[in-house]
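The structure under discussion appears below in the form of C-alpha cells.
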Amino acid sequence: MASAGRRWIVVGAAVLALLFGAWVARSLLEGGGGRDAGTLLAVALPDLAGEQQAIGQWKGKLLVVNFWATWCAPCREEMPMFVEAQKRHGDRGLQFVGIAVDEAAKVRQFADSIGLNYPSLIGGYGAMELSRTLGNSLMALPFTVVVGRDGQVLLTHLGPMKQAQLDRLVESGL
Amino acid sequence: MPPSVRADSLRPPASAAGAPVARAASLVGIAAVASLVFHVGTASAEIKLLPPEEAFRYAARAVDGGTVEARFDIADGYYLYRDKLRFAVEPGPLAGGVALPAGKVKDDEFFGRVETYRDRVLVRIPIAPAAPGQSVTVQADSQGCADVGVCYPPVSQRITVVVPPAGGPAGAFVEASPAKKRWFR
C-alpha cells in the first residue's frame, strides 16, 4: 500500500522533472514566451514616409515584428512568406511590422521589389539594441517577435522562420 | 523459528530505507536530463551561433614601414562579404588602393553578383611611410553572415600595431579581441 503510494510519487516527480526539463530547454532556445511586450509596444519609429509610427497602435492584433535589413540575405528570403501571410490573414487580425536596421532608401527599393504589404519602420542601429532587450543577445538578423492579442510575447525567434512554424502561430494566435 | 525471522530483520536496514528515495531521486534526475537533452537535441537544428567576434576574428600586423596586413579568420559555416570589407589607417591616408583578394562569387537576387570570403582572408594595406617603432591603427569594417541563416550587423574594429625595425622581420599579428577560453571546445 505504502510502496504503491511511493511509486506514484516517484512517477509524478519524474513527470514534473520531464516538464521542467522541457521548459528549461524551451526558455533557453526560443525564449520570450509569456513576457509582457510593453517595451516593444511603447516604441515609435519612422515609417518610409518619415512619419512616426507607434508599435502600440497594433496592440490587440496578432503582431509579428520582424527585425531585418537589406544587407541580410536570409531576411530578404523569408519576407515574401510574410507578405503572403499578411495577404491571407490580415483581415482576421494578423499584422506584420518590419523594423529595418537600414537606410530608408534601400528599404524602399527592396519593399517595392517584393510588393511589401505591411509597414516597414526604420530602426537604424538603435533597433539592434531594442532587439537585444527582447532576447536577441547576439544582435543578429532576422529576429522575429510575435505578440499575442493580449500583449504578451508568444515567441521570439532568431533566424528565418519556417512556413509550418508561421502557420502554427497563425492558427493558435488568431 | 525460521532463520529469516530474526529480530533485526523486522527493522528495515538503513540502506533499504534510503533506497526508494535514492531511486526516486535518480529517476527524477534522469527524466529531467533526458527531457532537456531531447528538447535541446530537437531544437538545436534551429540555430547555434558564435558571437561575431568569434565567428570573424580580426587581426593585424605591420609588415614594414610602408605596409600593414589585416587578417580575418572565419569560422566554419560563416562568411564575410567582400564589398563590405573596408580599411582605414591612422595616421592616414592610405598610400594607395587596397587590393582585396577575389572571393567566391554568389548571385544575390537583390544586389546581383556578390563575392564572399570563407576560412581566412589576408589583405595587404599600403600606408604612408612610417618610422620603426611608430604606432599605426588599422581599422577594418566588415559584415558577415552564418550559413544557418542569420547575418550580423556591420562592425568596425581597430587594432594598433607597431612598425618593426627596418630590414627586420614583420611584426607579429595582434588580435582584435583575444579569443575567450571556452570549456567545451
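Residue check: is A:THR70 buried (at least 16 other Cβ atoms within 10 Å of the Cβ) and assigned by TED's automatic domain parsing to the domain that holds A:GLY151? Against the criterion (buried (at least 16 other Cβ atoms within 10 Å of the Cβ) and assigned by TED's automatic domain parsing to the domain that holds A:GLY151), A:THR70 qualifies. In the set A:LEU121, A:LEU130, only one residue is within 16 Å of A:LEU63 (Cβ to Cβ), in a helix (DSSP H, G or I) and hydrophobic (A, V, I, L, M, F, W, C); that residue is A:LEU130.
Counting the residues of the range A:61-117 that are in a strand (DSSP E or B) and charged (D, E, K, R) gives 1. Can you work out which of the residues in the range B:142-157 that are in contact (Cβ under 8 Å) with a residue 24 or more places away in the chain and outside any loop (DSSP other than H, G, I, E, B) is farthest from A:GLY126 (Cα to Cα)? Top of the filtered list is B:ALA146.
Suppose we keep only residues that are in a loop (DSSP other than H, G, I, E, B) and surrounded by 20 or more Cβ atoms within 10 Å (Cβ to Cβ) within the range A:140-154. Which one would you say is farthest from the other protein chains (Cβ to nearest Cβ)? Filtering first and then ranking leaves A:GLY148. Looking across the range A:125-139, the residues that are within 11 Å of chain B (Cβ to nearest Cβ), aliphatic (A, V, I, L, M) and surrounded by fewer than 24 Cβ atoms within 10 Å (Cβ to Cβ) come down to A:MET128, A:LEU138, A:MET139. Scanning the range A:88-122 for residues that are over 20 Å from B:PHE110 (Cβ atoms), among the charged types (D, E, K, R) and touching a residue at least 12 places away in the same chain (Cβ under 8 Å) yields one hit, A:ARG92.
All of B:VAL114, B:VAL105, B:VAL98 fail the test of being surrounded by 14 or more Cβ atoms within 10 Å (Cβ to Cβ), without any contact (Cβ under 8 Å) to a residue 40 or more places away in the chain and more than 23 Å from B:ALA170 (Cβ to Cβ), apart from B:VAL114.
Of the residues making up the range A:148-171, those that are in contact with a Gly (Cβ under 9 Å, 6 or more places away or on another chain) and either free of Cβ contacts under 8 Å to residues at least 60 places away in the same chain or among the β-branched types (Val, Ile, Thr) (or both) are A:ASP150, A:VAL153, A:THR156, A:LEU158.
Looking only at residues in the range A:2-46 that are at pLDDT 75 or above and buried (at least 17 other Cβ atoms within 10 Å of the Cβ), the one that is nearest to A:SER131 (Cα to Cα) is A:LEU40.
For B:TYR152, state whether it is within 14 Å of chain A (Cβ to nearest Cβ), closer than 22 Å to B:ASP76 by Cβ and touching a strand residue (DSSP E or B) at 6+ places or on another chain (Cβ under 8 Å). It is true that B:TYR152 is within 14 Å of chain A (Cβ to nearest Cβ), closer than 22 Å to B:ASP76 by Cβ and touching a strand residue (DSSP E or B) at 6+ places or on another chain (Cβ under 8 Å). In the range A:78-121, of all residues being surrounded by fewer than 21 Cβ atoms within 10 Å (Cβ to Cβ) and closer than 17 Å to A:LEU40 by Cα, the one that is farthest from the other protein chains (Cβ to nearest Cβ) corresponds to A:GLN95. Scanning the range A:155-169 for residues that are of a type in the set (Val, Ile, Thr) and either assigned to a loop (DSSP other than H, G, I, E, B) or not assigned by TED's automatic domain parsing to the domain that holds A:PRO142 (or both) yields a total of 0. Kindly establish whether A:ALA127 is of a type outside the set (S, T, N, Q), at pLDDT 95 or above and more than 10 Å from the chain's Cα centre (by Cα). Spelling it out, it is not the case that A:ALA127 is of a type outside the set (S, T, N, Q), at pLDDT 95 or above and more than 10 Å from the chain's Cα centre (by Cα).
The values are calculated or read from the model by the stated rules, or taken from the named source; none is laboratory data. As the structure is a computational prediction, the values presented were derived from the model and not from experiment. Every residue, glycine among them, receives a Cβ derived from its backbone with ideal geometry; neighbour counts consider all protein chains shown.
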